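Here the structure comes first, spelled out in structure tokens, and everything after it is commentary.
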Amino acid sequence: MSICVSDIPKERLLKHEKGKVYLPIQTWDYDEPNKYDNDFSISMQRTKEEAKRIESGEKIDRIFIGNGKIWEQKEKVQNLSEEDHDDLPF
């Protein structure tokens with residue numbers, strides 16, 4: 001996953017007490033991977049004001065900041081014989 005930090009307006013960053021800075025984001029999955037083979041996109045979360053304006057019928061574009069791919073992790077599965085289970089308490 002990657003995001004473009006140069007497109008983030010500073011007024012959208014949330015500063016908390018202990019100096020940490022957060023950016024509320026939203027993701028949405030594509031029904032099918034897009035032309036760049038990405039599985040999802042990342043945008044900045046809309047403000048409460050923007051949400052109200054949208055409810056009133058106004059069209060407000062999302063501020064797109066990135067995208068990503070879903071990678072499948074292949075876990076190793078060990079097949080244990082019955083002998084390997086003899087020392088287990090159950």
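Here is a yes/no grid of residues against (1) at pLDDT below 90; (2) in contact with a helix residue (DSSP H, G or I) (Cβ under 8 Å, 6 or more places away or on another chain); (3) loosely packed, with under 10 Cβ neighbours inside 10 Å:
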{"site": "GLU11", "(1), (2), (3)": "yes, no, yes"}
{"site": "LYS18", "(1), (2), (3)": "yes, no, yes"}
{"site": "ASN38", "(1), (2), (3)": "yes, no, no"}
{"site": "ALA51", "(1), (2), (3)": "no, no, no"}
{"site": "ILE60", "(1), (2), (3)": "no, yes, no"}
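Report, by residue number, each residue of the range 37-63 that is closer than 20 Å to TYR22 by Cα and either under 14 Å from the mean Cα position of the chain (by Cα) or assigned to a strand (DSSP E or B) (or both).
SER41, ILE42, SER43, MET44, GLN45
Restricting to the range 20-36, name every residue that is outside any strand (DSSP E or B) and surrounded by 11 or more Cβ atoms within 10 Å (Cβ to Cβ).
LEU23, PRO24, TYR30, PRO33, ASN34
Show the residue pairs meeting these rules: Cβ distance below 8 Å; 6+ apart or different chains; first residue within the range 61-73 and within 18 Å of VAL5 (Cα to Cα); second residue exposed (fewer than 10 other Cβ atoms within 10 Å of the Cβ) and among the β-branched types (Val, Ile, Thr).
Matching pairs, first to second residue: ILE65/VAL5.
The values are calculated or read from the model by the stated rules, or taken from the named source; none is laboratory data. A quick note: this is a predicted structure, and the numbers were derived from the prediction, not measured. With ideal geometry, Cβ positions are generated from the backbone for all residues, glycine too; neighbour counts draw on all protein chains shown.
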